1. Quick check, is residue 24 small (Gly, Ala, Ser), in a helix (DSSP H, G or I) and in contact (Cβ under 8 Å) with a residue 24 or more places away in the chain?
2. From the list 479, 414, exactly one residue is β-branched (Val, Ile, Thr), in contact (Cβ under 8 Å) with a residue 60 or more places away in the chain and assigned by TED's automatic domain parsing to the domain that holds residue 211. Which is it?
3. Got at least one residue in region 366-373 being crowded, with 17+ Cβ neighbours inside 10 Å, in contact (Cβ under 8 Å) with a residue 12 or more places away in the chain and at negative phi?
4. Going residue by residue through region 332-339, is there one that turns out to be without any contact (Cβ under 8 Å) to a residue 40 or more places away in the chain and within 27 Å of residue 8 (Cα to Cα)?
5. With crowded, with 19+ Cβ neighbours inside 10 Å, part of a helix (DSSP H, G or I) and in contact (Cβ under 8 Å) with a residue 60 or more places away in the chain as the only criterion, which of 385, 345, 360 stands out?
6. I'd like to know if region 430-438 contains one or more residues that are without any contact (Cβ under 8 Å) to a residue 40 or more places away in the chain, of a type in the set (S, T, N, Q) and farther than 30 Å from residue 203 by Cα.
7. Looking at (1) at pLDDT below 80; (2) assigned to a helix (DSSP H, G or I), which is the one condition that is false for residue 295?
8. Kindly provide the set of residues from region 86-104 that are surrounded by 16 or more Cβ atoms within 10 Å (Cβ to Cβ) and either farther than 28 Å from residue 199 by Cβ or not small (Gly, Ala, Ser) (or both), ordered by number.
Amino acid sequence: MKSSSTFRISALLSGFLFGVFVGSLVLQIITSIFVFLILSIIFFFYKNYTINEHKNILVGVSIFLLGITFGLTRMYFSDIHNDSKLMSYVGEKVLAVGVIVSEPDIRESSARYYVRVDKVVGDSKKFGEKVLVIVPTYPEFSYGDKVQMSLSLLEPPEIENDGRVFDYKNYLRVRGVWLTSNFSNITFLESGHGNFIKEKLFFIKRSFVNAINRVLPEPESSLLGGLLLGSKQSLGKELLQDFQKTGVSHIVVLSGYNIAIVANSIILFFKFLPKNFAFGFGVVGIILFALLSGGGASVWRASIMVLVALFAKHSNRDYNAGKILGFTIFVMLFPNPLLLVFDPSFQLSVLATIGLVFVSPVISPYLTRVPEKFGLREIVSTTLSTQVTVLPLLLYSTGLLSLVSLPVNILVLVTIPFAMLFGFLTGLFGLVSFYLSFIPAFFTYGFLWYELKVIEFGGGLPFASVGLPTFSPFVLFLVYTIIFYGLYYLKTKKL
């Protein structure tokens, strides 16, 4: 009974995911909904006219088709085919009033703000639609500021790089944004129009970052900001290229790939404590990172994925891990189904979690020659596992294959827990006293300096990375099929 129930739930979830996938790519959703619904009903009733051995299979097929119907229906009611309320103003310059509804994204030469446009001057309509506004770095504005803007509204274009096309339009649609405005002018009107809790979280984050910047030089302070808060823009283009060449970009992005490494590092650091205490520190650490980073939607998605992985790994129950992981994916996709196809961070979070939960136990028995001292075997296992599941998608998206990723990751990741611990203490003490923060900052700087030197050295090697030609989604699917078949073979093979 239990096995049959699990089979049907898996069929329903798989169908829902497939339906969302298909609904993201096709236009005639209504027709598809009726086709799959009718097929589901046909298979369900046909089971009454077949032998008992085939009834469960037919029920499973019927439930799978019903799941597809649910997925397609959810996509029909999503934002993917809706038009912008401001579409009539595309290509024109307009004067609008709105509120900054997310944390500012400050980069080297520009700043990006998600602004909810409430009204356009001269128009009586109330819009309430988010627009991505790109402005000069200064003056700076904050979350919750009410502003007046001179906008030149445009539809987001596709971004092409070396033959690879990034669907920027639907990437922003995931975030509820239809239009962008470059070279905009913003005038501050008043503050205090944001969510009270978010305002306090962003205030704590700014104070924490300022405390770090006061005591640590660049680029060490920016690296620490990336490790703790996921902010990487201030690292500079050259250094970010070294991160990409050496395959360590994940340490400065609060995605599932990064948070998985962080959580395991915290648990390993407290390994001298009882298992439940070490696990508890890992869970609390993830929650603190999410809160300190401002609690953005992408961060919470990644955090939820890794928390699921940690609970599953802690209980050593892969069977339950699959069910919980599937349920979590459903919970995240149902309110925003566009995540599945158009949000790379969601895709990487899911793949990294699959690597941590399912691949790591398969690979670990083959790493007996790697010493356990300093948690080295666990770091190698985690790094290999997440790279196995994430690398094909990264190659499909970027085409950049790092040949030094494994050694650089091992050399860097072994010091990450210490850099994060002392870095957190540096920011925390800095909130109290500038001079007191010098004590942990001394150790923090040493670890960060070492990590940067390893990354710069690895990125500077002539054979650090190679560019791969573009390949089709079918090849990507084929590669993942081969990988997971190989992992299944290793799992069933006796050592």
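1. yes
2. Values: 414 fails: in contact (Cβ under 8 Å) with a residue 60 or more places away in the chain.
Within the list 479, 414, the selection yields 479.
3. no
4. yes
5. 345
6. Scanning region 430-438 turns up no residue that is without any contact (Cβ under 8 Å) to a residue 40 or more places away in the chain, of a type in the set (S, T, N, Q) and farther than 30 Å from residue 203 by Cα.
7. In the conditions (1) at pLDDT below 80; (2) assigned to a helix (DSSP H, G or I), residue 295 misses (2) alone.
8. 86, 89, 94, 97, 99, 100, 101, 103, 104
The values are calculated or read from the model by the stated rules, or taken from the named source; none is laboratory data. Computed from a prediction, not measured in an experiment: that's the story for all the values here. We place every Cβ from the backbone using ideal geometry, glycine too, and count neighbours over all the protein chains shown.
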